[in-house]
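A.B. asks: Handing you a structure now.
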Ligand SMILES: Cc1cc2nc3c(=O)[nH]c(=O)nc-3n(C[C@H](O)[C@H](O)[C@H](O)COP(=O)(O)O)c2cc1C
């Protein structure tokens, strides 16, 4: 089913109105993102000079284009012929899912469709970390490992690999943010049990880290 959605209303981004495809499969509304812009950015060495953690966020909105670019940089598909991604993953299991918590709801990034799937409406940003600033960041990314994608590997290996794989994704986000002068901080201080409940995760899904992103407070 195709519908015109007010993205700014449904996702809280600084765009007036655009036409998007919206597919309804039960509660799972799919919102397509603009094509990521993959040819911009500042030179790598300058970006590395600027990479840092910041915990102070303004209320300036992130455009849908910027969100698309951010998610592609994080863990998008950079080789469509093989479906491989911008970050490596152990045995190419691609077990890390990125959930996006905004003021309007929690979405799952679907790299293949370049889309966000609505997981649940409502603002649960404050549950994504134990620090006060998390509810002010426009976007909180939640990195969730799906252990069911990791075959019969021992639990210790699943934990080790999914933590390492998350680190690469998080660094991609750091570099994108440094390039675009966005503020970001990766975070481990999370009440994982409470957040998993709010996100309705399956038992084999494990929250690894979260990462706040937004424009810096002036
Ligand atoms: C695995 C991991 C967990 C972290 N957890 C938190 C956290 O819960 N809260 C926080 O404010 N910063 C957290 N940080 C950010 C670090 O505090 C930060 O990277 C460190 O102070 C160095 O600062 P820099 O990133 O600006 O170089 C975490 C970093 C890593 C790598």
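Read-outs: derived from the displayed coordinates by stated rules, not from any lab. This one's a predicted model, so the numbers in the text were calculated from it and none came from an experiment. Virtual Cβ from ideal backbone geometry, glycine too; neighbours counted across all protein chains shown.
A.B. asks: Contact order normalised by length for the chain, with contacts defined as Cα pairs under 8 Å and 6 or more residues apart; what percent is it?
C.D. replies: Computed value for the chain: 25 percent relative contact order.
A.B. asks: At 0.36 nm per residue, and after removing the present C-alpha to C-alpha distance, how many nm does the segment from residue 63 to residue 39 gain when stretched out fully?
C.D. replies: 6.9 nm
A.B. asks: Select from 94, 205, 46 the residue whose mean-square fluctuation is largest in a Gaussian network model of the chain (Cα-Cα springs shorter than 10 Å).
C.D. replies: Top of the fluctuation ranking is 46.
A.B. asks: Another one. Sticking with the crude label model, points 7 Å out along Cα→Cβ, report the distance from residue 46 to residue 217 in nm, one decimal please.
C.D. replies: Result: 2.8 nm between the two label points.
A.B. asks: At 0.36 nm per residue, and after removing the present C-alpha to C-alpha distance, how many nm does the segment from residue 193 to residue 153 gain when stretched out fully?
C.D. replies: 12.0 nm
A.B. asks: Quick one: compute a quarter of the convex hull surface over the Cα atoms of region 144-218 and quote it in nm².
C.D. replies: The directionally averaged projection comes out at 5.9 nm².
A.B. asks: Using alpha carbon centroids, what distance separates region 28-48 and region 142-218, in Å?
C.D. replies: 18 Å
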